[in-house]
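Participant: I have a structure I would like to understand better, so I am pasting it below and will then ask my questions one at a time.
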Amino acid sequence: MQFRFNAWARRLRMLVGADSRLNVWRKLSLITAFCLLTIALFKPHAELPNRVYDLYFVVDITQSMNVPDYQVAGKSISRLQMAKQSIRKTLSALPCGSQVALGMFTERNVVNVVEPVEVCAHFAALDQTVASMDWRMAWAADSFIAHGLYNALEQAPQLGKQVRVMFFTDGQQAPPANPKYMPTYAGKLGDVQGYLVGMGKTTPSKIPKLDEKNAVAGYWEQEEVQRFGNFGMAETLSVLAMEHGQHDRNSGQGPGAELLSNAHLSALDEQNLNRLANATGLHYVRLEQAGQSSGWATGLGMTAWRWADTDLRPWLAVPAIVCGLLYLLLTFAGSTWFKWMARRWPGTTQAMRTLKISSKQHV
């Protein structure tokens, strides 16, 4: 595409005006650029309507999140590590004035570890808190995803009217839940907006046992899961069945045996997460790269408009650059550089002649 300098020259003549001198506009553009940059040095701020984001990040810290089924730079990392990387990248992408709260899920509840704070003023603390999240902070081994998600959605309105939820989990229920006894969502569909972020691969993997130094000390076996799993939502046994010794619900004849057969393996349970998303009005998404969550967090439906402290330097920098470029254009209109441009792009020579003629007519 060729540059049309003649058109630019005509616009410039209109800007200069019939009764103005080109030299006056040169000085005016230089002074304006200098003043704008000088003001920017004082880092001016003002309260302006701002597009910000109020987010409640909740991370599943149960043991299945330790499965290392992500590949980053040729290295395997766990679902928990990927979730933390995603949140930290999202924190960097949020504009000042945004509010961020942090929570951790295990068993049936979500613990709100950081109440909403402004992201820029508390960025270091938020980033460090996310980096420190660890599976060893879990207070129980069970993982009832539905209970935890509903608990997070109950907390969200208490944290702020415009708080959106981003819940990071692989969706694995441990012990496996009997579908007949799953809880129902008591809130209004879509009342709290946000994302249910699926972690991990759909291919089952062994769940590692980690020691106090986070080193793999082994893997959970089927017998161990059946022994320790309580299957708390199993079907209620009759008195007659209990009298016949069927009180062990996880035994080979118990109602939980079939569901516990593969509980020592872990995979992204998209069916469960899609069901929960449909029940709550959240959007289900699958995380494959750490940077994806930034786009989701700042997408449509996640915005919270309000008056916020705004840095005015970008607003000053843009007109300062325009004035600087105008000064250079008016100063070097007849220079060797323009002559070189004339040889490169057709129409430049005529544009320079037009500028010279225009400047002589108005002197």
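The values are calculated or read from the model by the stated rules, or taken from the named source; none is laboratory data. Predicted model, so just to flag it, every value in this text is computed and none were measured. The protein model used for the area step is the full one, side chains on, heavy atoms only, and it has no ligands, DNA or RNA in it. Shrake-Rupley method; radii C 1.70, N 1.55, O 1.52, S 1.80 Å.
Participant: Quick check on the range 31-122: take the gyration tensor over C-alpha atoms, sort the square-rooted eigenvalues as a ≥ b ≥ c, and tell me if it's rounded (a/c under 1.5), prolate or oblate.
Facilitator: The shape class here is oblate.
Participant: Here is a further query. Looking at the range 77-180 only, what percent of DSSP beta bridges run antiparallel? Nearest 5 please. Mind showing how you got there, number by number?
Facilitator: Values: 8 of 9 bridges.
Looking only at bridges with both residues in the range 77-180, the antiparallel portion is about 90 percent.
Participant: Something else now. Show 170, 311 ordered by accessible area, largest first, where the area counts protein heavy atoms only and the probe is 1.4 Å. Write out the running numbers ahead of the final one.
Facilitator: Values: 170 0, 311 45 Å².
Most to least solvent-accessible, the answer reads 311, 170.
Participant: So for the range 125-198, what percent of the C-alpha to C-alpha distances run longer than 14 Å?
Facilitator: Distances greater than 14 Å cover 70 percent of the Cα pairs.
Participant: Hey, another quick one. Can you give the accessible area of residue 132, probe radius 1.4 Å, in Å² rounded to 10?
Facilitator: About 50 Å², rounded to the nearest 10.
Participant: Order 165, 111, 318, most accessible first, counting only protein heavy atoms with a 1.4 angstrom probe.
Facilitator: Values: 165 0, 111 65, 318 95 Å².
Descending accessible area places them as 318, 111, 165.
Participant: Let a ≥ b ≥ c be the square roots of the eigenvalues of the Cα gyration tensor of the range 74-187; is it rounded (a/c under 1.5), or, if not, prolate (a/b larger than b/c) or oblate?
Facilitator: oblate
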